[in-house]
Amino acid sequence: EEEEEEESNVLPVPAPHGCWASCIQLIDPTQITNNGKTHISDQIELDDNEAAVSMCFCSFSQRGGESFLCVGTALDLQLMPRSCSSGRIRVYRFVEGGRKFVLEHSTPTDDVPTALHEFQGRLLAGLGTVLRIYDVGKRKLLRKSENKNFLNSITRIHVEGNRIIVGDVSESFVYCRYRRDTNSIHIFADDTVPHWLTASCQLDFDTMCGGDKFGNFYIATLPHTVNESVEDDPTGSRINWFSHGLLNGAPNKLETCANFFTGDIITSMKKTVLVAGGYEVILCSTIGGAIVAFLPISSRSEVEFLSALEMHLRQEKPPLCGRDHLAYRSQYFPVKCVIDGDLCEQFAMLPASKQREISEELDNRTPGEIAKKLEDMRNRIL
């Protein structure tokens, strides 16, 4: 018994450099085991040092809209420098009412398939610096179109109609458009500031939200003049001219709407509503375990009120270590169009005399009115 206890306390030996072990699990959330864990309906383990790096659901139009699971894998993957002996895109079909899945076929690729997304009944894959469209075949996926003009490595793909928004590992967002008549993908806009993307979320047709590995939260949008010139182009002559680029970049540039330093790396983000009938927020999670919500403010009076309150609290409630709050939130880029709600929440921690002084300067409000206003802002989210 003592030997068994000692063996259970021994930490597992880490795998050598370049060794991987991956598996694909199909989990049924409606069934719970005796231990209180979710039931695993099916599981497939990958052999031969094969690492799963991306996956998505894809309904191929050639198969009557049947939904397949596409998994991007890499053999002998090396992260730095990024390399692999071979890449694969595995296509799985669901059987037995979706409780099991079987391998339909596997397609070799030239690079690591770091991003997969469904696109108009076909599969859109990011393979290093190549964006490629695949269609399903009997024995493997078939190449249909591609663009090889991306800079580093495609890590994220967002699709809206014929527009494709690509997230590069170190060059922020790149806007593309697919032309069905010529079966080609054209790049027409990119960002002016390089961001090492760790998370992204599409807010609307022209606007993207992202977080980088240095802790920056930012929103970039496409200018209206560029959007009109690209969308109102029946002949396609403008998009052909756009695709030539300028100085190794796209001819059009995105505009930065907001910048904010969170102090932690954002690992995921999503536009969602937390309560029924509530406001839409951008919900983010960080590598340190924090959950951050960004609430859009549409009223000019609320923007002016919260901006003035933030300005007073920067003076009356400085950070404990003595660092300037504005300089902290502008660690890499100047803070823009974002108000620090955590700082505004510290109004209730001020002495009563300071609260009255600040309240008189904010349109002769009372401390209770300011506290009620901050509580209403919280209730919009929760």
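The values are calculated or read from the model by the stated rules, or taken from the named source; none is laboratory data. Since this is a predicted model, take the numbers as computed values, not measurements. Virtual Cβ from ideal backbone geometry, glycine too; neighbours counted across all protein chains shown. Areas reflect the complete protein model, heavy atoms only, side chains present, ligands, DNA and RNA absent. Shrake-Rupley method; radii C 1.70, N 1.55, O 1.52, S 1.80 Å.
Counting Cα-Cα pairs of the chain in 20 Å increments starting at 0 gives whole-percent bin shares of 22, 48, 27, 4.
With every protein chain in place and a 1.4 angstrom probe, the accessible-area ranking of LYS271, LYS372, largest first, reads LYS372, LYS271. Leaving out ligands, DNA and RNA, and with a 1.4 Å probe, what % of the accessible surface on the chain is carbon or sulfur? Here carbon and sulfur together make up 51 percent of the probe-accessible area.
Taking every protein chain into account, the 1.4 Å probe leaves LYS253 with about 80 Å² of accessible area, to the nearest ten.
Annotation: average projected area of region 324-382 is 5.1 square nanometres, based on the convex hull of Cα atoms across all directions.
Remark: the ARG314-HIS224 segment gains 28.8 nm on full extension, using 0.36 nm per residue and subtracting the alpha carbon distance. Calculated from the alpha-carbon coordinates, region 1-124 shows an Rg and a Dmax of 18.1, 61 Å respectively.
Among PRO14, PRO319, PRO367, which one moves the most in a GNM of the chain with springs linking Cα atoms closer than 10 Å? Among PRO14, PRO319, PRO367, the largest GNM mean-square fluctuation belongs to PRO14. Each part gets one Cα centre, and for region 202-225 versus region 158-196 those centres are 13 Å apart. Dipole of region 116-227 computed with +1 at Lys/Arg Cβ and -1 at Asp/Glu Cβ about the Cα centre; of THR207, LEU222, GLN120, farthest Cα towards the positive end is GLN120. Residues in the chain average 55 Å² of solvent-accessible surface per residue, probe 1.4 Å, ligands and nucleic acids excluded. To the nearest 0.05, what FRET efficiency results for THR182 and CYS257 with a Förster distance of 35 Å applied to their C-beta separation? That pair, THR182 with CYS257, gives E of 0.60. Label sites at GLN25 and VAL13, each approximated as a point 7 angstrom past Cα along Cα to Cβ, lie 2.6 nm apart. Projected label points at GLU160 and GLN331, each 7 Å from Cα along the beta carbon direction, are separated by 2.9 nanometres. Note on region 47-98: the C-alpha convex hull projects to 4.6 nm² when averaged across all orientations. Each of THR207 and ARG139 was given a label point 7 Å from its Cα along the Cα-to-Cβ line. The distance between the two points is 5.0 nm.
PRE reach from LYS100 (point 7 Å along Cα→Cβ): which of region 31-74 fall under 13 Å by backbone N? Zone members listed by number: 41-44.
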